[in-house]
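The values are calculated or read from the model by the stated rules, or taken from the named source; none is laboratory data. Model, not experiment: these values are computed from the prediction. Ideal geometry is used to build each Cβ from the backbone, glycine not excepted, and the neighbour counts take in all protein chains shown. In case anyone asks, the SASA skips ligands and DNA or RNA and just uses the protein heavy atoms, side chains included. Shrake-Rupley method; radii C 1.70, N 1.55, O 1.52, S 1.80 Å.
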Amino acid sequence: MKYLVHAALASLVLSVSSAAADTYKATMVAGQAPIFRFVKMLDDPFATTAKAKIEALGHSITFTGQYGGSIAGPGEELDAVGAGLGQIGLCTPIFSAAKLPEQLVGYYAPFVTDDTRLAADVVHNLYLKNADMQRALDENNVVYLGNVVPIDDYILMTKFPVKSMEDLKGKKIAAPGPSVNWLSGTGAVAVSANLTTYYNELSTGVYDGVIVFTSAAMPGKFHEVAPYITRVKLGAQASVFLCANKDWYNGLPKDVQDALHAGGAAAMEWYITELEATVEKAYKVMAENGATISEASPELRQAWVQGMENHAKNWAKTLDDKGRPGSAVLAAYMDAMRAAGAKPLRNWDQE
C-alpha cells in the first residue's frame, strides 16, 4: 500500500512537472539584413536573454530569424507580425505612418532633446503607460515588447559652411520622411530623400546638403561629399520598436511574457550603449578624414526654431479631426520630455 502511495505521488509530481513545461517557437522578422545593429540585436541580446529566462522557468523556446526580406521587406514588418506571419518583429512607424501615426510624434516636434538615451526612455515609458500610444498597436494586432530603437541626434551636413540662417537661403537640402518639415522657414529648398540616395546626389549636385543622423553619416561616407558638419541639435528620435503578434502573445503565460520583455530591455540597453560609442567614434573618424565639425550657435538655433511653422500642432489637429488622439499624444510626449529634463527650444504643444 505504501509503495502504491509513493508511486501515485511520483506520478502526480511527474505529470504536474510535464504539464508545466512547454515548448514555444517564435519567428523574428526584419526587412533588413543582420549586418545592421538593430537587426543583429534580435538574435543577441534579445533572443539569448529571453531564451535563458524561459528555460530557467522550465520551458523551452526556439527563436528563428527571418531577415533581409525573406518574409517582409523594410516597412512591411508591422503587417507581417500583425497577420501572424512572424511572431516578433521590428515595427517601423516611419514606414507605416498611416497605421502608426501617433508613434511619429517626435518627428513633428524637433529641437526637444539631442540626448539619445533620454529620448528612448521617454518613448519607452509612453508605450508602457499611455493608452493613446497603445491604441494604434491594438489596431494593428501587435504588442510592444519593451525595446525602443533610438536614432541619434540629427545633424546638418553641407558642401558649404553654415554660420547663420542666411547661409541656407536658396540651398537645396535633403531630409527623410517627416523631417523634411524641419526645413520650413529656413530659406532652404527642402527635398524629400533617403539615405540610399544621399551620397550620389550630393556628389552630382542634386542637392547641397542633407539632414542625417551621425551614426549613418560616417558609414555612408557623406563627409566626403558634404564635409561641413553643423551640430544643430535637431533632436534624437525613438520610434522603431520591437513588437509581437498580439494573439500569440496573449496566449503565453505571464512569466513567459515577462521573459520576452526582459529580452527587450536587454536589447534596448545594449543598443543604446553601442550607439553612443558609435556616434563618438563617427565624429572622430569624419574629422580625421577632412570634415569640419562645428556647433551651431545659440542664435542660429533660435532663428531656425522660431522661423519654423508649428508642424507639431498641425499634425496633431489633423489626427484630432480624424478622431485620433493627436493633441493628447503631443501633450503627453512634451510633458514627459520636460519632466525627464529635456529643454525644448520651443514648446510645440503650448502654442
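Quick notes
- Check on L90, within 16 Å of the chain's Cα centre (by Cα), outside any helix (DSSP H, G or I), touching a residue at least 60 places away in the same chain (Cβ under 8 Å) and closer than 19 Å to A266 by Cβ: yes
- Hits in region 197-236 (condition: over 17 Å from E288 (Cβ atoms) and free of Cβ contacts under 8 Å to residues at least 24 places away in the same chain): T197, N200, S203, T204, G205, A216
- Here the condition is being in contact with a strand residue (DSSP E or B) (Cβ under 8 Å, 6 or more places away or on another chain), open to solvent by less than 30 Å² (accessible area, probe 1.4 Å) and closer than 30 Å to W348 by Cβ; of A238, A244, A265, it holds for A238 alone.
- Filter result for the condition that a residue is in contact with a strand residue (DSSP E or B) (Cβ under 7 Å, 6 or more places away or on another chain) and surrounded by fewer than 18 Cβ atoms within 10 Å (Cβ to Cβ), over T64, T48, T116: T64
- Some residue of region 152-166 being among the polar types (S, T, N, Q), more than 27 Å from I35 (Cα to Cα), assigned to a strand (DSSP E or B) and in contact (Cβ under 8 Å) with a residue 60 or more places away in the chain: yes
- Pairs, first without any contact (Cβ under 8 Å) to a residue 12 or more places away in the chain in region 315-330, second open to solvent by less than 20 Å² (accessible area, probe 1.4 Å) and part of a helix (DSSP H, G or I), C-beta under 7 Å, six or more apart: K317/G326; T318/G326; D320/G326
- Scanning region 307-340 for residues that are closer than 16 Å to K99 by Cα and of a type in the set (K, R) yields K322, R324.
- Residues of region 290-349 that turn out to be among the hydroxyl-bearing types (S, T, Y) and under 25 Å from the mean Cα position of the chain (by Cα), as a count: 3
- Matching entry among G185, G170, G205 (being within 21 Å of W315 (Cα to Cα), part of a loop (DSSP other than H, G, I, E, B) and not acidic (D, E)): G185
- V105 buried (at least 23 other Cβ atoms within 10 Å of the Cβ), closer than 28 Å to A50 by Cβ and not acidic (D, E): no
- Residue list for region 133-166, restricted to those being buried (at least 18 other Cβ atoms within 10 Å of the Cβ) and of a type in the set (D, E): D152, D153
- Taking the conditions (1) hydrophobic (A, V, I, L, M, F, W, C); (2) under 30 Å from G307 (Cα atoms); (3) at pLDDT below 95 in turn, F38 satisfies each one other than (2).
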